[in-house]
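See below for the structure under consideration.
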Amino acid sequence: MKSTSALDVLSALAHPTRLDAFRRLVRSEPDGLSTGQLVDASGLTQSTFSSHLAILVGAGLVLPEKRGRQMIQRANIEVLRDLMLFLAKDCCEGRAELCEPLVAELSHCC
């Protein structure tokens, strides 16, 4: 991931509504959630939430999928992984033992 891409992704997540929606989608993988479910969970109107969703989609964080008559939104786990690797790649100037607690915590959370 390049710096400009990382900035786009971080910018998209830098709003409470979008961060909450993305985290909700990550938890719902691999099935995703309907747009209506996300709107209901946000407490916003459909039109207001749609603008937030468009930003997440534009940054590549959310993948919309048409299933029958519903639009299902899914978290793009590859983009999340790329962002996490981008942020941690130079962790501790190559001293992996300093990053081990982070890796260990990630392995226990999922």
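Here are some notes:
- In degrees, nearest ten, helix 46-58 long axis to first principal axis of the chain (Cα): 40 degrees
- Helical content alone sets the calculated 222 nm signal of the chain at -19500 deg cm²/dmol, taking -39,500 (n - 2.57) per DSSP H segment of four or more residues and averaging over every residue.
- Region 31-110 and region 1-27 have their alpha-carbon centroids 6 Å apart.
- Computed from the Cβ-Cβ distance with R0 of 25 Å, the FRET efficiency linking Ala6 to Thr48 stands at 0.40.
- Neighbourhood charge, 13 Å Cβ-Cβ cut-off, centred on Val57 and excluding it, Lys, Arg +1 and Asp, Glu -1: 0
- A simple count of charges around Arg23, restricted to other residues whose Cβ falls under 14 Å of its Cβ and scoring Lys, Arg +1 and Asp, Glu -1, yields +2.
- Placing a pseudo-label 7 Å from each Cα along the Cα-to-Cβ vector at Glu93 and His108 gives an inter-label distance of 2.9 nm.
- Using a Gaussian network model of the chain in which every pair of alpha carbons under 10 angstrom is joined by a spring, one finds that among Arg69, Arg81, Arg18 the greatest mean-square fluctuation is at Arg69.
- Tilt relative to the chain, helix 16-27 - C-alpha long axis, 0 to 90 degrees, to 10: 80 degrees
Since every read-out is calculated from the coordinates, none of them should be taken as a lab result. In this text, all values refer to a predicted model and were calculated from it rather than measured experimentally. Every residue, glycine as well, gets a Cβ built from its backbone with ideal geometry; the counts of neighbours run over all protein chains shown.
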